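Peer 1: Take this structure first; my questions come after.
The values are calculated or read from the model by the stated rules, or taken from the named source; none is laboratory data. A quick note: this is a predicted structure, and the numbers were derived from the prediction, not measured. Note that each Cβ is placed from the backbone with ideal geometry, even for glycine, and that neighbours are counted across all protein chains shown. Ligands, DNA and RNA are stripped out before the accessible areas are found, and what is left, the full protein with its side chains, is counted by its heavy atoms. Shrake-Rupley method; radii C 1.70, N 1.55, O 1.52, S 1.80 Å.
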Amino acid sequence: MRRPARNDMGKQINYYMGYHDFLSVAQAALDSGCVIYRHTYEDGRWRLIPGTTLDVVQPDCREYYFHIPEIGGFDVTRASQNQYVADEARLSVIEAGFCIPGKHEIVKNRLYIVTGRYTDDGDWIPRPDMLTKVYNKLVRVVKKVAPYTELAHFVVNPMYAGEKHTSKEYISAEFYELVQREDYKLG
């Protein structure tokens, strides 16, 4: 039986980190040989813009792809007028982003890599070791910038409105202060 080409589960670390802290993660990606792609909205459509310097990371764009050219190409597909990363290209990218606080709430972001993908013929292609190596290096940077911290906080989910919860999260000092001093909700 032929299985459609698709990505499978992956590895991720979720965290609460803002733009300025994220710059250290992005710099580590650049130092590892990555090209950074950011989404931008121009002329009524979404596009992916590449960059090899830190200025590609902008405070108004929270989602990025860290592409490792040594592993493979970075192909995009078009759906309507928008560009999306092709399934084949996901074996050479790390999805990354930072959090932009909303009105008294912060929604987490993550680093993510796929485990592998199936081809159109149903053959499994595992994630390249080099992708895992760079991902693990970036995870170490995340853990320095946003250490695993126990905190009492409110959550965005309306089911738990008004209830304070205690959990351990990867959270930067900037956002920890917002949660502790100004009762920002975590989502």
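Peer 1: What are the residues in region 147-187 that are farther than 13 Å from Pro101 by Cα, outside any helix (DSSP H, G or I) and among the basic types (Lys, Arg), if any?
Peer 2: Correct list: Lys164, Lys168.
Peer 1: Given Arg127, Arg117, Arg110, Arg181, which one is without any contact (Cβ under 8 Å) to a residue 12 or more places away in the chain and of a type in the set (Lys, Arg)?
Peer 2: Arg181
Peer 1: Considering each of Ala26, Ala89, Ala96 in turn, give the residue that is in a helix (DSSP H, G or I), small (Gly, Ala, Ser), within 25 Å of Pro128 (Cα to Cα) and at pLDDT 95 or above.
Peer 2: On inspection, the qualifying residue turns out to be Ala26.
Peer 1: Follow-up. What's the number of the only condition in (1) more than 18 Å from Ala26 (Cα to Cα); (2) in a helix (DSSP H, G or I) that Lys144 fails to meet?
Peer 2: Lys144 satisfies all of (1) more than 18 Å from Ala26 (Cα to Cα); (2) in a helix (DSSP H, G or I) except (1).
Peer 1: Return the total of residues in region 142-187 being open to solvent by 60 Å² or more (accessible area, probe 1.4 Å) and either of a type in the set (D, E, K, R) or at pLDDT below 95 (or both).
Peer 2: 20
Peer 1: Then there's this: Starting from residues that are of a type outside the set (A, V, I, L, M), assigned to a strand (DSSP E or B) and touching a helix residue (DSSP H, G or I) at 6+ places or on another chain (Cβ under 8 Å), keep the ones in region 104-123 and report whichever is surrounded by the most Cβ atoms within 10 Å (Cβ to Cβ).
Peer 2: The residue in question is Arg117.
Peer 1: Let me ask something else about it. Since Tyr37 meets every condition but one in (1) part of a strand (DSSP E or B); (2) at pLDDT 95 or above; (3) open to solvent by less than 50 Å² (accessible area, probe 1.4 Å), which condition does it not meet?
Peer 2: Single failed check for Tyr37: (2).
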